[in-house]
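The values are calculated or read from the model by the stated rules, or taken from the named source; none is laboratory data. Small disclaimer: the values here were computed from a predicted structure and weren't measured. In this analysis, Cβ positions are derived from the backbone assuming ideal geometry, glycine residues included, and neighbour counts consider all displayed protein chains.
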Amino acid sequence: MRTPDWVTKRHEPGSPPVAMAGIAKQHCANFGSEGICGGVKPCTDGSQVRFLPEGARCLLLEGKGCGYFESNVMPMALESWEWKNPSEGKRFREAVDHYRRVHGEIKGLARRARRCPDCGEPIGPRKRYCQKCAADRQKASVRKTMRKSRLDVKS
C-alpha cells in the first residue's frame with residue numbers, strides 16, 4: 001500500500017503540520033485509512049451522533065478545527081500519565097499546543113502552558129517557579145545571605 005502524500009510531505013506555512021496528522025492517526029478513534037474520518041461522536045446517553053458525512057476527509061488534514069479532537073483526544077495532553085516513549089509525549093503536547101494556537105478563540109494569540117524551569121510543573125500567571133521550587137529557592141537565598149552575614153561579622 002502506498003503511503004499517502006499528507007504523511008510524507010514537508011510542512012508548509014498555512015498547511016496543517018505533519019505532526020498533527022500523525023497525532024490524529026495514532027490517537028483519534030475516528031481516523032481511518034487515507035485520512036477519512038469516521039465522523040461519529042458518542043453522546044452522554046450512550047448513543048452516537050454523526051458530525052461529518054460518511055467518507056469525509058479528516059478536518060485536521062483540511063486545516064480546520066475538530067470538536068471531537070478537542071473533546072476526546074486533546075485532554076490526553078493535560079493528563080499526567082506516563083508515555084512509553086517520552087519523546088512521543090513531547091511531540092503530542094507540542095501538536096496540541098500548535099492546535100490551540102491555530103484554532104484558539106483569538107487565532108495566533110493562545111498562550112502556551114508555562115512550566116517551572118526547575119522541575120517542569122505547570123505554573124500560573126505572574127509566577128516564575130512552582131510553589132515547591134519557589135520555597136526551595138527562597139530557603140537557599142536566605143542560607144546564602146546568612147552565611148555571608150556571619151562571615152562579615154567574624155572578620
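Please go through the stretch 120-141 and give me each residue that is of a type in the set (A, V, I, L, M, F, W, C), part of a loop (DSSP other than H, G, I, E, B) and at pLDDT 90 or above, ordered by number.
Across the stretch 120-141, the qualifying residue is only C130.
If you scan the stretch 20-79, which residues turn out to be of a type in the set (V, I, T) and surrounded by 11 or more Cβ atoms within 10 Å (Cβ to Cβ)?
Residues satisfying the conditions are I23, I36, V40, V73.
All but one of (1) in a loop (DSSP other than H, G, I, E, B); (2) touching a Phe, Trp or Tyr at 6+ places or on another chain (Cβ under 7 Å) hold for Y68; which doesn't?
(1)
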